[in-house]
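Below is one structure, written out as structure tokens; comments come after it.
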Amino acid sequence: MRLHSLSITAFGPFAGTETVDVDAVARDGLFLLWGPTGAGKTTLLDAVVFALYGTVPGARGEEKRLRSDHADAATRTEVSCELTLAGERLLVVRRPEQTRPKKRGTGETTEQARLTVQRWDGATWQPV
């Protein structure tokens, strides 16, 4: 498996959208996650695992609290991961179950979890 890019929105401590272009930093096939405690290194790894498996490892996965406490109520939590797996380039986009403000009226509604997987055919992304 080779990661190409990772984009997270309202995930963990990140309130907005953050994108990591792994191809740009891993020219030789390797990259290093480095930073002080609390910089978000584990969150990036959790995002990759969540995109692929729908959960995060350890106690963090048991809480089912992937959404950022700092995100605007209208911003949907989402992880997008582009990778090559078994020779195929895939785009995996996953959203956890989450509550959001109702579009009409007052209150909140629960939005179901969603998974989209697409395969690159050389010209366009095709649904899997």
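The values are calculated or read from the model by the stated rules, or taken from the named source; none is laboratory data. Here the structure is a predicted model, which means the values were calculated and not measured. In this analysis, Cβ positions are derived from the backbone assuming ideal geometry, glycine residues included, and neighbour counts consider all displayed protein chains. The area values use the complete protein model at the heavy-atom level, side chains included, leaving out ligands, DNA and RNA. Shrake-Rupley method; radii C 1.70, N 1.55, O 1.52, S 1.80 Å.
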Within region 34-43, residues closer than 22 Å to ARG65 by Cβ and open to solvent by 40 Å² or more (accessible area, probe 1.4 Å) come out as THR37, GLY38, ALA39, LYS41, THR42
I'd like the full set of residues that are within 22 Å of ASP72 (Cα to Cα), assigned to a loop (DSSP other than H, G, I, E, B) and open to solvent by 30 Å² or more (accessible area, probe 1.4 Å), limited to region 3-31. PRO13
Identify all residues within region 35-55 that are at pLDDT 90 or above and hydrophobic (A, V, I, L, M, F, W, C); write none if there are none. LEU44, LEU45, ALA47, VAL48, VAL49, PHE50, ALA51, LEU52
Answer yes if at least one residue in region 66-81 is at pLDDT 95 or above and among the acidic types (Asp, Glu), and no otherwise. yes
Just a yes or no: is a residue in region 1-21 charged (D, E, K, R) and in contact (Cβ under 8 Å) with a residue 24 or more places away in the chain? yes
Name the residue that is farthest from PRO96 (Cα to Cα), counting only residues in region 112-128 that are part of a loop (DSSP other than H, G, I, E, B) and of a type in the set (A, V, I, L, M, F, W, C). ALA123
